[in-house]
Amino acid sequence: MRIARFSIDGNVAFGAVEGDKPDELVLDIIKGIPFADFELSGTKVPLSKVRLLPPVLPNKVVAFGRNYAEHARELGNEVPDAPFAFFKPSTSVIGPGDDIQYPSFSEDVHHEAELAVVIGRLCREVPRERVKDVILGYTCANDITARDVQKREKQWARAKGFDTSCPLGPWVETGLDLETASDLTVQLTVNGQQRQLGRTSEMIHSIEDLIVNITEAMTLLPGDVILTGTPAGVGPLAVGDEVAVTIEGIGTLTNKVVKRG
């Protein structure tokens, strides 16, 4: 099931996305929230009539850096022996079609296409064999990074945590099992030109590794998001660019870069 979060006539709701052709997609409005038992209402709205929002509002976004060897090397970094985590605040999250605002304190903002894991239940110290039970589904992410600030400040809070630096969407795909999610094509285009192309099977540390690692330290809440790293091919964005992340079996997340004002 594809679960979207949307607004219509000033109201916010979740809905199940139905249909195959982009111009014929409809939302069956969900009774309740997707983190608990819910029913479909049978009330259907054309996707073209709503505004898609970030598919979840995470309490925290836990991101893992340098989880693809070629990406680590392209930036001159060593491949980490263990998962390397950082955070993006909830205020960095935007949805499909929302603008990425180019920060005034950077002159070198990069795209990073990533598979995002959406947590479905409260969990802590998750054993490897139970990882599949705490995942609601998967969505597309773009870990927007002020690369010059990252290099200059030697830490990543401002470089990766600024407002609008975490596009998520277009929806959460709940129908992928762990084995399938571990070998998906991840690609990114800028103005229609391919910049990144990789597979989640190229991850150094698996989805299971990442969730076991972070839940050893902290509790994850329903709606929290795990960013699993980016394949090689990251590069600069400019004001006016349209950037699109497409992940096999999930969909496409598209955003435009604008001047922060």
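Some observations on this one:
- On inspection, Gly192 fails the criterion of being open to solvent by 30 Å² or more (accessible area, probe 1.4 Å), at pLDDT below 95 and more than 15 Å from the chain's Cα centre (by Cα).
- Some residue of the stretch 78-91 being polar (S, T, N, Q) and touching a strand residue (DSSP E or B) at 6+ places or on another chain (Cβ under 8 Å): yes
- Among the residues of this structure, Val234 counts as one that is out of contact with any Ser or Thr (no Cβ under 6 Å at 6 or more places or on another chain), within 21 Å of Ser92 (Cα to Cα) and surrounded by 19 or more Cβ atoms within 10 Å (Cβ to Cβ).
- Any hit, the stretch 184-201, residues being in contact (Cβ under 8 Å) with a residue 12 or more places away in the chain, closer than 20 Å to Cys123 by Cβ, in contact with a Leu (Cβ under 7 Å, 6 or more places away or on another chain) and not β-branched (Val, Ile, Thr): no
- The residue of the stretch 238-261 that is farthest from Glu179 (Cα to Cα), among those that are of a type outside the set (Val, Ile, Thr) and part of a strand (DSSP E or B), is Lys259.
- Of all residues making up the stretch 79-131, the number that are of a type in the set (D, E, K, R), under 20 Å from Ile204 (Cβ atoms), at pLDDT 95 or above and more than 14 Å from the chain's Cα centre (by Cα): 1
- Residue ID - surrounded by the most Cβ atoms within 10 Å (Cβ to Cβ), chosen from residues in the stretch 168-189 that are touching a helix residue (DSSP H, G or I) at 6+ places or on another chain (Cβ under 9 Å) and part of a helix (DSSP H, G or I): Ala181
- Per-region count, the stretch 210-237, residues in contact (Cβ under 8 Å) with a residue 60 or more places away in the chain, on the phi < 0 side of the Ramachandran plot and in a loop (DSSP other than H, G, I, E, B): 12
The values are calculated or read from the model by the stated rules, or taken from the named source; none is laboratory data. In this text the structure is predicted, and so the values were computed from the model without any measurement. Cβ atoms come from the backbone with ideal geometry, glycine included; neighbour counts cover every protein chain shown. Note: accessible area is taken over every heavy atom of the protein model, side chains too, but ligands, DNA and RNA are not part of it. Shrake-Rupley method; radii C 1.70, N 1.55, O 1.52, S 1.80 Å.
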